[in-house]
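Since the structure comes first, as structure tokens, the remarks are kept for the end.
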Amino acid sequence: MIGYALLFAFACYGIALLFNLYRVVIAPGVPDRILALDTVAINMIALLTLFGIREGTEMYFEASLLFAMTGFVSTVAYAKFILRGDIIE
């Protein structure tokens, strides 16, 4: 039963990832693209976690934590660049 649930979750997050990548390319403004990139990072974290559940190893959970930290820092850097035009003061 868990196999079917994992397969369904993989499909849902994969489709959501494709929609977000489309939004990154076809967004009307830069803030929309930043939000789409942040959502791509969240979907990738979910996919890594699901893959870790499927494989039964802890390595994928650690990779998802690293990806979460990188996604957060990149979102903050993009937002700061949009607000001030400079990342490092």
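The values are calculated or read from the model by the stated rules, or taken from the named source; none is laboratory data. It should be emphasised that the depicted structure is a prediction, and the values quoted were computed from it without experimental measurement. Using ideal geometry, Cβ is built from the backbone for each residue, glycine included, and neighbour counts are taken over all protein chains shown.
Some observations on this one:
- Any hit, the stretch 79-88, residues being surrounded by 17 or more Cβ atoms within 10 Å (Cβ to Cβ) and assigned to a helix (DSSP H, G or I): no
- Condition check for residue 57: free of Cβ contacts under 8 Å to residues at least 60 places away in the same chain, in a helix (DSSP H, G or I) and either under 28 Å from residue 1 (Cβ atoms) or β-branched (Val, Ile, Thr) (or both): no
- Filter result for residue 34 (surrounded by 14 or more Cβ atoms within 10 Å (Cβ to Cβ) and part of a helix (DSSP H, G or I)): yes
- Residue match in the stretch 56-77 (condition: at pLDDT below 90, hydroxyl-bearing (Ser, Thr, Tyr), crowded, with 16+ Cβ neighbours inside 10 Å and more than 11 Å from the chain's Cα centre (by Cα)): no
Yes or no, residue by residue, for (1) touching a residue at least 24 places away in the same chain (Cβ under 8 Å); (2) at negative phi; (3) out of contact with any helix residue (DSSP H, G or I) (no Cβ under 9 Å at 6 or more places or on another chain); (4) not basic (Lys, Arg):
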position	(1), (2), (3), (4)
10	yes, yes, no, yes
20	no, yes, no, yes
36	no, yes, no, yes
45	yes, yes, no, yes
49	no, yes, no, yes
67	yes, yes, no, yes
74	yes, yes, no, yes
77	no, yes, yes, yes
86	no, yes, no, yes
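- The set of residues from the stretch 1-30 being exposed (fewer than 13 other Cβ atoms within 10 Å of the Cβ) and under 26 Å from residue 84 (Cα atoms) comprises 25, 26, 28, 29, 30.
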